[in-house]
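Before any comments, here is the structure.
The values are calculated or read from the model by the stated rules, or taken from the named source; none is laboratory data. Values in this document were obtained by computation on a predicted structure and should not be read as measured data. Glycine gets a Cβ as well: all are built from the backbone with ideal geometry, and neighbour counts include every protein chain shown. With ligands, DNA and RNA removed, areas are computed over all heavy atoms of the protein, side chains included. Shrake-Rupley method; radii C 1.70, N 1.55, O 1.52, S 1.80 Å.
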Amino acid sequence: MRKPVQKLSLSGAVALAIASAAFAQAPAPAPKPAQGDPAKPGAPAAGAPATPPAAAPTPPGQPKPYKDVLKDAKAIPGYFTLHQKDEKVWIEIKPDQFDKPFFFSANIPRSVGERGLFGGQMGHQYMGSPFAGSHMAKWKKIGNHVQLIAMNTEFFAKAGTPQAQFVSESFSDSLIASAPVAAAAHPDTKAVVIEGNALLFGDVVGYATQIEMAYRMPFAIDARNTSFSRVTNTEALTSLQVNAHFAVPKISPPPLTPPPVPTPPPPKVTPDPRSFFVGFQYNFMPLPVEPMAGRPADERIGHFTVDRVDYTEDTSPKVRSYVVTRWRLEKKDPAAALSEPKKPVTYWIDKNVPEKYRASVKAGILEWNKAFEKVGYKDAIVVKQQTDKDDFDTMDAGHASVRWFTGSNVGFAIGPSHVDPRSGEILDADIGMSDVFGRGARRLRAEDTAHPLEVATAPRAATIAESMGYRRGFLACNYMGESAQQLEFAMDLLEARGLDMSSAEADEVAQAYVKDVIMHEVGHTLGF
């Protein structure tokens, strides 16, 4: 049975409408507290949310908030502020640090130990490496990406001139590395951070080229097993040391038919020939605020030089100029015939130098003070000994140094330097000294120059010079071969006289040889 429809008269409808309106205007009664939960003083007002609303999620493609990314990270103040947490390091860049030139360099504190791949080496172009060792660099921000740019300093014109514009349009800079912005800008300083792992865990220096030259195998950097081994930060230097893993999937079997030219074998000095680690020391350092006055080179004097092309004027047919590389020395007393410098050239003897040779190394360095006295400087060079208490690595850009290294198939010494390309001022220098100079020259002659494969792969003075862009015989150093011959003669003489190689006479020869080699390499790091 259908339920009858209830009908409402007109007067009843009007009355209901008036009652409804009155009820709507009346204030709603306060809700009663739940049974057993009486209202508490200070409770939120009725209808208010119990917890604050959740923060809006980060839009896709945008970096996370600064405080969220760096939560629990330790801030390390310095030239570029660093933040470190567990295995990650972030580099903080302030707005005024973008597009501002600074000094960037890379050195090789550890390596494989054979065929030109040696530790304790200052980065420079030799044996096919494309990396020059140091650059005048800058940070450049492109949207949410940061680039580390090597500035083209060879070609230039006076800033602010039309010539400067067409030069910048004609010659390109180079990209060293890049990384995405890891966090939104700091709300107060507007600084941004990038992840150092993303920036520096690639083959920044092109070391794979040198590895391929040595082994003719496609070793590549393995970022997953690469890590930071040291972080140093001061107002004068930000330095990050990377322990980079290089690997190859497999070792190819030897060919069935021997090729006309012997193929280099896989690495012999590593536990597994498919894997090894290389250390890279990356240095970020402010450039001198005022560039040192450049000194024009004289081709009659044997200086290393920096050459640049100046397009500011067209009144000279020769646009390329040459300035010598040298340390900045300024007298404390300009009027004195002999004065100490305001800042001497300081060489650190690395703690890895054997104790029995440290005195000879120091003597070889200080011998150059006699030359500087001739031009009016007293104690232009000082020597300091690094100890276990010194918290720095001599491969950073803040310490000129002498380091020992060794290799399974070669022995040599080398004295490169890094300079300010604007003026030729030497900013850093690291002498690499092989232990072969203490042991003697027989091993050098018997092992390094006898086997044709080793001759083809080990660095030689002419090879190094040519790979740095010099003609054969021009600026090539013949000292290693000549001094080895002299030492070989001395050792043969001692042996003919029946003297033991551990005798006092033999030690005196070895100490003199070490001093002589150090004197020679210091000369290179002084710009000669």
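Here are some notes:
- Candidates in region 356-404 are the residues that are open to solvent by less than 60 Å² (accessible area, probe 1.4 Å) and among the aromatic types (Phe, Trp, Tyr); of these, the one that is nearest to residue 527 (Cα to Cα) is 372.
- The residues in region 243-283 that are closer than 30 Å to residue 104 by Cβ and either of a type in the set (A, V, I, L, M, F, W, C) or open to solvent by 60 Å² or more (accessible area, probe 1.4 Å) (or both) can be counted, and the count is 8.
- Wholly enclosed strands (runs of 3 or more DSSP E) of region 169-242 bearing at least 2 residues open to solvent by 10 Å² or more (accessible area, probe 1.4 Å) and over 21 Å from residue 102 (Cβ atoms): 227-234
Rundown of residues vs (1) at negative phi; (2) of a type in the set (Lys, Arg); (3) modelled with pLDDT of 95 or more, yes/no style:
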{"position": "98", "(1), (2), (3)": "yes, no, yes"}
{"position": "103", "(1), (2), (3)": "yes, no, yes"}
{"position": "114", "(1), (2), (3)": "yes, no, no"}
{"position": "122", "(1), (2), (3)": "yes, no, no"}
{"position": "133", "(1), (2), (3)": "no, no, no"}
{"position": "172", "(1), (2), (3)": "yes, no, yes"}
{"position": "182", "(1), (2), (3)": "yes, no, yes"}
{"position": "194", "(1), (2), (3)": "yes, no, yes"}
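- Matching option when the condition is farther than 26 Å from residue 511 by Cβ and touching a residue at least 24 places away in the same chain (Cβ under 8 Å), among 414, 426, 431: 426
- Qualifying residue in region 337-348 (condition: at pLDDT below 95, out of contact with any Asp or Glu (no Cβ under 9 Å at 6 or more places or on another chain) and open to solvent by less than 60 Å² (accessible area, probe 1.4 Å)): no
- Just one residue in the set 164, 137, 106 is closer than 18 Å to residue 209 by Cα and not in a loop (DSSP other than H, G, I, E, B); that residue is 106.
- Condition check for residue 307: open to solvent by less than 60 Å² (accessible area, probe 1.4 Å), under 30 Å from residue 165 (Cα atoms), among the acidic types (Asp, Glu) and over 22 Å from the mean Cα position of the chain (by Cα): yes
- Residue in region 127-134 that is surrounded by 23 or more Cβ atoms within 10 Å (Cβ to Cβ), outside any loop (DSSP other than H, G, I, E, B) and more than 15 Å from the chain's Cα centre (by Cα) present: no
- Among residues of region 310-323 that are under 18 Å from residue 296 (Cα atoms) and touching a residue at least 60 places away in the same chain (Cβ under 8 Å), those with a Cβ under 8 angstrom from a residue that is in a loop (DSSP other than H, G, I, E, B) and not small (Gly, Ala, Ser), sequence gap 6+ or separate chain, pair up as 310/319; 311/319; 312/158; 312/161; 323/295.
- Residues located in region 350-404, provided they are polar (S, T, N, Q) and more than 20 Å from residue 329 (Cα to Cα): 352, 360, 385, 386, 387, 394
Residue-wise test of (1) modelled with pLDDT of 95 or more; (2) more than 28 Å from residue 326 (Cα to Cα); (3) assigned to a loop (DSSP other than H, G, I, E, B).
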| position | (1), (2), (3) |
| --- | --- |
| 362 | yes, no, no |
| 411 | no, no, yes |
| 423 | yes, no, yes |
| 464 | no, no, no |
